[in-house]
Each structure stands twice: as C-alpha cells, then as structure tokens.
Amino acid sequence: MENKRTLTTEQLEDAKRLKALYESKKKTLGVTQYMIAEELGISQGAVGHYLNGRNPLNLNVAAVFANILQVSISDFSPSIAAEAERLSKVSNVSYAGELKPRKKYPVISWVSAGAWCEAIEPYTLKEIDEWLESDAHIEGEGFWLKVQGDSMTSSVGPSIPEGMNILVDTGKEAKNGSLVIAKLTDANEATFKKLVIDGGSRYLKPLNPQYPLIQVNGNCKIVGVVVQAMMWL
C-alpha cells in the first residue's frame, strides 16, 4: 500500500487558515461542505480532508474555496496565490489579479420583504434555505425575491414574468421609472411595481396594462429598488 504523503508545515498552515475562514463564514454565507463538494466535483469527505490538512491544497481547489467563501486565495495560502501570479507571467495572458468572488444574497419571502419597513427583524439566517450570487453593486442591504403573478408581465417593453428572481437593493434611491418593491399599509406582503412620478404625484404602475395603477398618498413605503433580474431554465 502506498504511504500517504505528509504535508509540509506551510501546507498545514494553509489548511488551518482555510478552515478558520470556513468556520467563521459558513453561517453568514449559508455555505456547507456539501456545496463545496458539488462545486469541486468531489466527495464531502474529500472537502473535509482539505480543511483538516490531510490533503494538500492546489490552485484549482484554492480558487473554488476562495470564490465560495468570498475571500482571496492569499488570505489562506500566500504560496498558492504567488503560484497563480507566476503562472500568468509565463503565459500569453496577463495577470489581472485574483478573481473577485460574487456576493451571495438570501432569497426571502414577500412577507419578509414587507417587514423591512417595520421595526422588526425581517428574517433570521436560520430561515434562509436559498442564496443566489450576484456581482451587482449594492448600496444597502440586498435580497432576492421570486416574482409571483403576472402583474409585471408585458408583451411590449420590459417584462418580468412569474418565476423570475429579482435582486433588491434597500439602499438605492427610488426615482421615476425605477422598478421598486413597496409595502402598502393595508397589505401584509410587499408588492413589485414600477414607480411613476408625475407632476408631484407618485404611482405604482404594473407593467401589465390589465392591472390598475395605484396612487401613493402616504399609504406606501419603498422597501428597495430592483437592480437585477434572472431566471433559471
């Protein structure tokens, strides 16, 4: 039987730093060893071997860990980060720095979205089962919603059909023409509409002309502005 290669002190330190990052970020990011295993195409046990210093990290594995944990490779393995830079210098592709990870945002319910306007915690991390990535610039807090109904479906111009995921930025200023998530005082859930400002009056306008225009007269609070929409096929 072939003897298992002993890791160097440097490799063990890399694993130690990586495991510390994983433990500190897994709850906040909703990351599990199973998710990492799926991304790498290996078993969950093999992921544990990397974290516990039983198998040495390599550039490909380090890049996946860095992306999922939203850190730089140099945060846990300066030597592998240096290797990536050296490799780029001997190729015909210039090194542009380490890949910046896409940030993950929670997918929440429409009731939770409406609670952003109230003096309560809209959700807890324990309630979040799904997180989606985005490289959009978010000015405040961000979260995803899954579109319900056909009020924002249109045969002409922009159309955001049922089932599409939309990313909401709670810190972005809502302007005339913005697609917004709003909370009406007489509703438990948030609603998704286009903000129209005309002559000092404000309206929530569905993209679907079959739905009525809603005039805003102090009966509505804007939760956030939709900055991205996508659909999984």
Along the dipole axis of the stretch 104-230 (charges at Cβ: +1 for Lys and Arg, -1 for Asp and Glu; origin at the Cα centre), the most positive-end residue among LEU132, ASN165, GLY177 is GLY177
Ordering 105-115, 128-138 by per-residue average of other C-beta atoms within 10 angstrom, highest first, gives 105-115, 128-138
Quick note on ARG86, ARG202, ordering by fewest other C-beta atoms within 10 Å, gives ARG86, ARG202
For LYS205, counting only aspartates and glutamates whose alpha-carbon sits under 14 Å away and dropping same-chain residues fewer than eight positions off, the answer is ASP150
Among LYS25/LYS221; LYS25/LYS103; LYS25/LYS172, the pairs whose Cα-Cα distance exceeds 24 Å are LYS25/LYS221; LYS25/LYS172
Counting only backbone N atoms under 13 Å from a point 7 Å out along Cα-to-Cβ of GLU85, the residues of the stretch 33-73 in range are 73
Ordering 172-183, 209-220 by per-residue average of other C-beta atoms within 10 angstrom, highest first, gives 172-183, 209-220
Expected sort for 30-37, 64-71 on mean C-beta neighbours within 10 Å, highest first, is 64-71, 30-37
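Read-outs throughout are calculated quantities, based only on the coordinates presented, and are distinct from any laboratory measurement. These figures come from a predicted structure and were not determined experimentally. Neighbour counts are summed over all protein chains in view; Cβ atoms, including those assigned to glycine, are modelled from backbone coordinates with ideal geometry.
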